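Trainee: Here it is, the structure in full.
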Amino acid sequence: MTTNTSHHPEKSMRQTRVVLAAMTAVGMILCSLWVIRPFLPATIWAVTIGVTTWPLLLKIQKFLWGSRGLAVTVTCLVALIVYVLPFWLATTTVLTHTTELKTLADSALSFRIPSEPAWIAHLPLIGPKTTVWWHRIENVGLPQLADRILPDTGKIIGWVLNYAGSFGMLAVQFLLTLIILAAVHTRGEAAARLVMNFGSALAGKRGVDMVLLAGRTIRGVAIGVTVTAIVESAVAGVGMGVTGVPWASILTAVTFIACLLQAGPGVTLIPAVIWMFFFQSVGWSIVLLAFTILSIVIDNLLRPFLIRKQANVPLVLIMVGVIGGLTAFGLVGIFVGPMILSVTYTLVKSWLSEADQHSLTEETPQTSLPPPAKDAPQSMQAG
């Protein structure tokens, strides 16, 4: 009785030390994050690009005689072209043409649907209905009309411009991103082991699985969101350039930002089609409409394909994570949000699956056959 009593204070002190050590470690981690807060955006971008391009780095290293230095250089150039350069061109184009964008916004605010052409009323079957619909929207401005068919992205795009800030700050962020990316690629194996050991220390094999899932999710979202935004904004830019839409380069940059923020290419293309139809040429408006449909199809097919190829999680979860992460964490939340949601989803799904299996095991009666009698036939004993 005395021995048990003496062990309780030691056990309690041990638990107290463990809790205090954990709280101290968490506090030091939070303080460290606060200290490196100015470098966090560049660090998150670099880690995201590093995780995404890691398989490419290994392939390039094999091709370049096993040289890690040459492979890191080539991979950083590829990342610069695919991930950094589009952001730089889009943000700098918008920042250098703020006056033109204000003029474009004023023109959009003063836009009114013109009077109905006489020939529309004589169309068979759809003529009378088209006339009624036309009269309803004839005095509606473009902003009110766009609100009915497009998501509200003005505030989001304005936030991106505020986030980008000046050219100097933007250049510093991209330069830091490339430097940290080169360091991550150079010491990639050590960083991977550190993260895997951390996941194993937290939750064993499940923690390792969560780390691998986080890597696949980051890779899928980075490839799906960025590559899709590049492709569909390129299609939109070609369409606006071919049809002669004014300020095509500026609108292409805005389209890229809108696609990156999951608003879609219709933010710029649909108003451009409406403007082209009423003020330029019906034929060119049809051509631009074809480019618009193609870019929207790319948005709805290519992005889900690229994301689901890496991360086997519901696409709705990815899209909610992109939008929610953008709101919560800023531009880097495009990748952080889906990672958090997908890891949480998989973890909860795994726990529920194990709980169901455990409950089924407990409900199933454990029956066993009685031992055979000593004088039973040999065939029965074998069975």
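The values are calculated or read from the model by the stated rules, or taken from the named source; none is laboratory data. Everything quoted here is computed from the prediction, not taken from an experiment. Counting neighbours? That spans all protein chains shown, and the Cβs are built from the backbone with ideal geometry, glycine included.
Trainee: Exactly one condition in (1) touching a residue at least 60 places away in the same chain (Cβ under 8 Å); (2) under 24 Å from residue 173 (Cα atoms); (3) of a type in the set (S, T, N, Q) is not met by residue 310; state its number.
Mentor: Against the list (1) touching a residue at least 60 places away in the same chain (Cβ under 8 Å); (2) under 24 Å from residue 173 (Cα atoms); (3) of a type in the set (S, T, N, Q), residue 310 comes up short only on (2).
Trainee: Restricting the search to the stretch 24-52, which residues are in contact (Cβ under 8 Å) with a residue 60 or more places away in the chain and polar (S, T, N, Q)?
Mentor: Hits for the stretch 24-52 are 43, 48, 52.
Trainee: Now, a different point. Let me confirm something: among 285, 342, which residue is in contact with a Phe, Trp or Tyr (Cβ under 7 Å, 6 or more places away or on another chain) and either at pLDDT 85 or above or surrounded by 20 or more Cβ atoms within 10 Å (Cβ to Cβ) (or both)?
Mentor: Sole residue among the options that is in contact with a Phe, Trp or Tyr (Cβ under 7 Å, 6 or more places away or on another chain) and either at pLDDT 85 or above or surrounded by 20 or more Cβ atoms within 10 Å (Cβ to Cβ) (or both): 285.
Trainee: If I filter the stretch 279-291 for residues that are free of Cβ contacts under 8 Å to residues at least 60 places away in the same chain, of a type in the set (Ser, Thr, Tyr) and farther than 26 Å from residue 321 by Cβ, do I get at least one hit?
Mentor: Yes, that holds for at least one residue.
Trainee: Which condition number in (1) without any contact (Cβ under 8 Å) to a residue 12 or more places away in the chain; (2) within 24 Å of residue 325 (Cβ to Cβ); (3) of a type in the set (A, V, I, L, M) is the one that residue 248 fails?
Mentor: (2)
Trainee: Looking at the stretch 216-251, which of the residues that are among the polar types (S, T, N, Q) and within 12 Å of the chain's Cα centre (by Cα) is modelled with the highest pLDDT?
Mentor: 228
Trainee: Here is a follow-up. Would you confirm whether or not the stretch 273-280 contains a residue that is within 25 Å of residue 86 (Cα to Cα) and in contact with a Leu (Cβ under 9 Å, 6 or more places away or on another chain)?
Mentor: Checking the stretch 273-280: at least one residue is within 25 Å of residue 86 (Cα to Cα) and in contact with a Leu (Cβ under 9 Å, 6 or more places away or on another chain).
Trainee: If you go through the stretch 219-228 one residue at a time, do you hit one that is surrounded by fewer than 18 Cβ atoms within 10 Å (Cβ to Cβ) and either β-branched (Val, Ile, Thr) or in contact (Cβ under 8 Å) with a residue 60 or more places away in the chain (or both)?
Mentor: Yes.
Trainee: Which is surrounded by fewer than 22 Cβ atoms within 10 Å (Cβ to Cβ) and not in a helix (DSSP H, G or I), of 246, 304?
Mentor: Of 246, 304, the one residue that is surrounded by fewer than 22 Cβ atoms within 10 Å (Cβ to Cβ) and not in a helix (DSSP H, G or I) is 246.
Trainee: When the stretch 251-274 is examined, which residues are found to be closer than 18 Å to residue 307 by Cα and outside any helix (DSSP H, G or I)?
Mentor: 261, 262, 263, 264
Trainee: What helices (runs of 4 or more DSSP H) completely inside the stretch 34-100 contain at least 1 residues that are closer than 14 Å to residue 177 by Cα and small (Gly, Ala, Ser)?
Mentor: Per the criteria, 40-63, 68-79.
Trainee: Also: Of the residues 71, 105, which is among the hydrophobic types (A, V, I, L, M, F, W, C) and at pLDDT below 75?
Mentor: 105
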